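Participant: First, the structure itself, so that you have it in front of you.
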Amino acid sequence: MSYAESYQQARREPDQFWLKQAQSLAWYKNPSIGFATDEDGNDRWFPDGELNTSYLALDVHVEQGRGDQTALIYDSPMTGTVEHIRYSDLLDQVQRCAGLLAQQGVQKGDRVVIYMPMIPQAVVAMLACARLGAVHSVVFGGFAAKELAVRIEDASPKVVLSATCGLEVGKTINYQPLLREALALAEHQPEQVIVWERPEQPLTEAGLLRWQTLLDSAEPADCVAVKATDPLYILYTSGTTGKPKGVVRDNGGHAVAMRYSMSALYDVQPGDVYWAASDVGWVVGHSYIVYAPLITGCTTVLYEGKPVGTPDAGAFWRVVEQHQVKVLFAAPTAFRAIKKIDPEGEFIQKYNIESLRTIFMAGERLDPPTLEWTEQKTGKPVVDHWWQTETGWAIAGNPVGLEQFETRAGSACMPLPGFNVEILDADGRVQPPDTQGFIALQRPLPPGCLTTIWNNQARFESGYLRQFVGYYVSGDGGYKDADGYLYVMGRIDDVINVAGHRLSTGEMEAVIGAHPAVAECAVIGIRDELKGQLPLGLVVLKDGVYVDDDELSTELTQRVREEIGAIACYRQTVIVNRLPKTRSGKILRATLRKMADNETYTVPSTIDDPSALDEIQPLLTSNA
Ligand code: COA
Ligand code: AMP
């Protein structure tokens with residue numbers, strides 16, 4: 001089916017369209033109903049279907065003769081390891097890990113928090129939970145103890161799975177003190193914390209169980225049938241408040257969306273080598289390191305390394321050549337980092353990248369110079385595609401598996417079938433082409449998107465569904481051109497994007513605001529050539545408090561590292577006398593951001609005292 005036919009059918013007859021896509025999967029009980037609304041008014045897919053996601057990712061391929069095919073390549077320049085794991089071996093490992101969890105009492109519906117580096121056991125752990133119908137919640141290994149604690153508290157896991165350490169360039173991150181601190185902070189206490197002992201860091205902390213030892217006595221566990229609408233995982237993401245929100249993904253809709261996107265968008269077939277250079281802690285890792293490639297019967301690459309420095313700017317091209325990667329997916333930041341070190345693309349010439357057909361980028365806006373550089377130096381087409389943790393797969397992109405559209409720099413191309421993208425003004429009116437507004441998705445959302453916020457249906461409704469009746473509001477602003485190409489211009493809320501990582505300025509403000517010298521503060525994301533955006537804190541001191549500016553700045557940087565994580569990259573603090581606000585007391589963050597980025601801005605008519613902005617301008621522009 002062409003793109004136009006697919007898009008129209010998915011819009012007019014979503015039930016039929018998605019039930020047809022669902023037929024490509026091995027359900028235990030085939031769904032007869034496409035879309036329905038549950039008792040909370042949430043859109044749900046395939047409510048009478050039954051399946052097991054781990055079965056779809058592993059068993060079915062072994063049953064169909066793919067047992068000897070490599071399922072996962074673990075490539076770790078951090079440890080000098082390259083390991084090929086066959087489908088039959090991965091199945092075996094997952095069965096035993098599921099047995100281990102079952103032995104600890106984990107059952108269908110129980111939560112398991114997974115705080116892991118990029119090692120095969122992270123993938124095994126996710127699939128083992130799915131096998132039992134347990135709900136995993138993977139926490140990115142770069143988050144600090146407090147972030148882990150917040151997630152443990154909210155997800156209330158029966159078991160936490162972890163490892164003794166993560167590896168960063170030049171340093172070993174010992175997870176054990178982080179686990180201890182997180183457990184001390186969280187009220188909820190898991191029954192067990194089970195830790196994979198890595199050779200780089202022995203298990204020393206009392207009270208932690210050694211994963212390898214438990215495996216010795218674990219019986220392989222079979223798949224548990226779950227309803228399509230049962231949750232597969234919770235993935236926490238940054239919102240506008242200090243508390244992250246637990247995006248809930250179901251089993252059935254997710255599996256269908258994963259499989260469909262692999263053929264329609266990425267044009268990937270069973271047996272192809274697919275590499276998403278992300279981390280299992282992010283949605284890209286969930287969808288395109290683990291679930292989609294395995295459900296499709298591809299070989300997925302799990303890369304424990306960086307685009308540069310492990311050992312050099314040729315790392316990506318080395319992996320492509322060595323593993324014959326067909327599709328590479330990474331964040332634009334990664335290519336900006338490579339370009340900075342290797343502007344002429346000399347490293348690319350050292351490797352044979354013939355196997356590579358397309359490079360996909362997402363996670364942040366793809367700036368035209370990075371698009372052009374990558375296309376020019378690699379000679380490969382680059383596809384920008386736009387999505388979010390909430391949607392689980394791309395809302396818009398060049399659907400090369402259906403039809404190849406011409407690339408337009410700055411655009412994420414066309415909405416994918418199932419995503420009814422509209423640009424709305426503040427009153428919810430659909431906007432004509434070339435007019436900027438809120439990017440909203442007309443409901444129902446297609447399979448694979450979030451079904452609610454864990455423990456917080458009210459936040460799901462107020463955060464996404466209430467602003468415009470009948471629509472999901474994405475939090476991004478942008479426009480469509482006359483040909484239907486979508487241009488995503490950035491967040492219209494207080495979420496920022498640092499090196500493709502989504503962070504909440506509200507969370508950083510909560511950390512900074514807790515410093516005894518700080519009366520109030522605002523964190524904004526300012527433009528950065530490498531990481532897209534970096535946070536900058538504007539801080540008002542308490543009356544009568546005198547501090548050394550540099551000392552305070554260092555202390556605040558340290559606090560954000562300790563409470564959120566180094567990944568926040570918070571390093572810049574500017575002390576100001578007051579913050580510009582509206583008459584109702586709202587800080588004018590968007591105006592401050594434009595000012596810091598040297599963009600033109602209009603002073604809002606609602607401003608309380610315009611001189612507050614004038615005072616800040618020289619401080620911000622000298623910082624830029
Ligand atoms: N565990 C612990 N710490 C981590 C971590 C992890 N998993 N990941 C990152 N960090 C730390 C880093 O060590 C660094 O700490 P430092 O301030 O002490 O040096 C800090 O967090 C920032 O890390 P990072 O953003 O990786 O910055 P960098 O300067 O080391 O590397 C890039 C720059 C561009 C190479 C890197 O940001 C990158 O690879 N970006 C692509 C991101 C990506 O793939 N995102 C996927 C989303 S789809
Ligand atoms: P995350 O939930 O971490 O995947 O981050 C989602 C956010 O990243 C989106 O809401 C956008 O703001 C941004 N984003 C992701 N992909 C793109 C893209 N291709 N173009 C522009 N912004 C993007």
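Participant: Going through Leu441, Leu424 one at a time, which residue ends up being within 13 Å of ligand 2 (Cβ to nearest atom), out of contact with any Leu (no Cβ under 6 Å at 6 or more places or on another chain), open to solvent by less than 10 Å² (accessible area, probe 1.4 Å) and among the aliphatic types (A, V, I, L, M)?
Facilitator: Exactly one of Leu441, Leu424 is within 13 Å of ligand 2 (Cβ to nearest atom), out of contact with any Leu (no Cβ under 6 Å at 6 or more places or on another chain), open to solvent by less than 10 Å² (accessible area, probe 1.4 Å) and among the aliphatic types (A, V, I, L, M), namely Leu441.
Participant: For a quick check of your reading of the model, give me the residue pairs whose first member lies in the stretch 422-438 and is free of Cβ contacts under 8 Å to residues at least 12 places away in the same chain, whose second is among the acidic types (Asp, Glu), with beta-carbon atoms closer than 7 Å and at least 6 apart or on different chains.
Facilitator: Note: pairs meeting the criteria are Val430/Glu422.
Participant: In the stretch 311-322, what count of residues is obtained for those that are open to solvent by 10 Å² or more (accessible area, probe 1.4 Å) and touching a residue at least 60 places away in the same chain (Cβ under 8 Å)? Steps first, answer last, please.
Facilitator: In the first step, residues of the stretch 311-322 are kept if they are open to solvent by 10 Å² or more (accessible area, probe 1.4 Å); the result is 311-312, 318, 321-322.
Of the ones still in play, those that are also touching a residue at least 60 places away in the same chain (Cβ under 8 Å) are 311, 322.
Of the residues in the stretch 311-322, 2 are open to solvent by 10 Å² or more (accessible area, probe 1.4 Å) and touching a residue at least 60 places away in the same chain (Cβ under 8 Å).
Participant: Residues that are within 16 Å of ligand 2 (Cβ to nearest atom) and either of a type in the set (A, V, I, L, M) or modelled with pLDDT of 95 or more (or both): which strands (runs of 3 or more DSSP E) entirely in the stretch 449-506 hold 3 or more of them?
Facilitator: 471-480, 486-491, 495-498
Participant: Continuing with this model, one more query. When you go through Leu183, Leu101 one by one, which is the residue that is over 20 Å from Met78 (Cα atoms) and buried (at least 20 other Cβ atoms within 10 Å of the Cβ)?
Facilitator: Leu101
Participant: Now a separate question. How about the stretch 356-373: which of its residues are within 14 Å of ligand 1 (Cβ to nearest atom) and more than 20 Å from the chain's Cα centre (by Cα)?
Facilitator: Thr370 - this is the single residue of the stretch 356-373 that is within 14 Å of ligand 1 (Cβ to nearest atom) and more than 20 Å from the chain's Cα centre (by Cα).
Participant: In the stretch 295-307, is there at least one residue being more than 16 Å from ligand 1 (Cβ to nearest atom), in a strand (DSSP E or B) and closer than 23 Å to Arg86 by Cα?
Facilitator: yes
Participant: Working only within the stretch 561-594, note down all residues that are over 29 Å from the mean Cα position of the chain (by Cα) and touching a residue at least 24 places away in the same chain (Cβ under 8 Å).
Facilitator: The answer is Val574, Ile575, Val576, Asn577, Arg578, Leu579, Pro580, Lys581, Thr582, Arg583.
Participant: Run Glu562 past the list (1) open to solvent by 50 Å² or more (accessible area, probe 1.4 Å); (2) within 16 Å of ligand 2 (Cβ to nearest atom); (3) within 15 Å of Glu509 (Cα to Cα) and report the number of the one that doesn't hold.
Facilitator: With (1) open to solvent by 50 Å² or more (accessible area, probe 1.4 Å); (2) within 16 Å of ligand 2 (Cβ to nearest atom); (3) within 15 Å of Glu509 (Cα to Cα) applied to Glu562, the lone miss is (2).
Participant: More than 16 Å from ligand 1 (Cβ to nearest atom), in the same structural domain as Asp427 (by TED's automatic domain parsing) and within 20 Å of Trp282 (Cα to Cα), is that true of Gly484? Walk me through it before giving the result.
Facilitator: Numbers: more than 16 Å from ligand 1 (Cβ to nearest atom): yes; in the same structural domain as Asp427 (by TED's automatic domain parsing): yes; within 20 Å of Trp282 (Cα to Cα): no.
So Gly484 does not fit the description; no.
Participant: Checking Ile338 against (1) more than 16 Å from ligand 2 (Cβ to nearest atom); (2) open to solvent by 10 Å² or more (accessible area, probe 1.4 Å); (3) touching a helix residue (DSSP H, G or I) at 6+ places or on another chain (Cβ under 8 Å), only one condition comes out false. Which one?
Facilitator: In the conditions (1) more than 16 Å from ligand 2 (Cβ to nearest atom); (2) open to solvent by 10 Å² or more (accessible area, probe 1.4 Å); (3) touching a helix residue (DSSP H, G or I) at 6+ places or on another chain (Cβ under 8 Å), Ile338 misses (2) alone.
Participant: Do we have any residue at all in the stretch 217-234 that's within 30 Å of Ala394 (Cα to Cα), of a type outside the set (D, E, K, R), surrounded by 24 or more Cβ atoms within 10 Å (Cβ to Cβ) and within 16 Å of ligand 2 (Cβ to nearest atom)?
Facilitator: Checked the stretch 217-234: at least one residue is within 30 Å of Ala394 (Cα to Cα), of a type outside the set (D, E, K, R), surrounded by 24 or more Cβ atoms within 10 Å (Cβ to Cβ) and within 16 Å of ligand 2 (Cβ to nearest atom).
Participant: Here is a list of conditions, (1) in contact (Cβ under 8 Å) with a residue 24 or more places away in the chain; (2) of a type in the set (D, E, K, R); (3) open to solvent by 30 Å² or more (accessible area, probe 1.4 Å), and Arg466 meets all of them except one; can you say which number that is?
Facilitator: That leaves (1) as the condition not met.
Participant: Just one of the numbered conditions (1) without any contact (Cβ under 8 Å) to a residue 60 or more places away in the chain; (2) within 16 Å of ligand 2 (Cβ to nearest atom) is not true of Ile524; which one?
Facilitator: For Ile524, the exception is condition (1).
Participant: Checking Ile353 against (1) in a loop (DSSP other than H, G, I, E, B); (2) under 25 Å from the mean Cα position of the chain (by Cα); (3) aliphatic (A, V, I, L, M), which test does it fail?
Facilitator: (2)
Participant: Please go through the stretch 377-387 and give me each residue that is within 16 Å of ligand 1 (Cβ to nearest atom), in a loop (DSSP other than H, G, I, E, B) and either in contact with a Lys or Arg (Cβ under 6 Å, 6 or more places away or on another chain) or open to solvent by 10 Å² or more (accessible area, probe 1.4 Å) (or both), ordered by number. Can you show your working first?
Facilitator: Quick first cut of the stretch 377-387, residues within 16 Å of ligand 1 (Cβ to nearest atom) only: 382-387.
Those left that are additionally in a loop (DSSP other than H, G, I, E, B): 385, 387.
Matches in the stretch 377-387: Trp387 only.
Participant: From the list Ala412, Ala396, Ala362, pick out the single residue that is farther than 19 Å from Lys326 by Cα, buried (at least 24 other Cβ atoms within 10 Å of the Cβ) and out of contact with any Gly (no Cβ under 7 Å at 6 or more places or on another chain).
Facilitator: Ala396
Participant: Restricting attention to the stretch 257-286, which residues are farther than 14 Å from Phe360 by Cα, buried (at least 23 other Cβ atoms within 10 Å of the Cβ) and more than 9 Å from ligand 1 (Cβ to nearest atom)?
Facilitator: Ala257, Met258, Tyr260, Val280, His286
The values are calculated or read from the model by the stated rules, or taken from the named source; none is laboratory data. Quick caveat, the model's predicted, so the values are computed rather than measured. Quick reminder, even Gly has a Cβ in these numbers, built from the backbone with ideal geometry, and neighbours come from all protein chains shown. Just the protein is used for accessible areas: all its heavy atoms, side chains included, with ligands, DNA and RNA removed. Shrake-Rupley method; radii C 1.70, N 1.55, O 1.52, S 1.80 Å.
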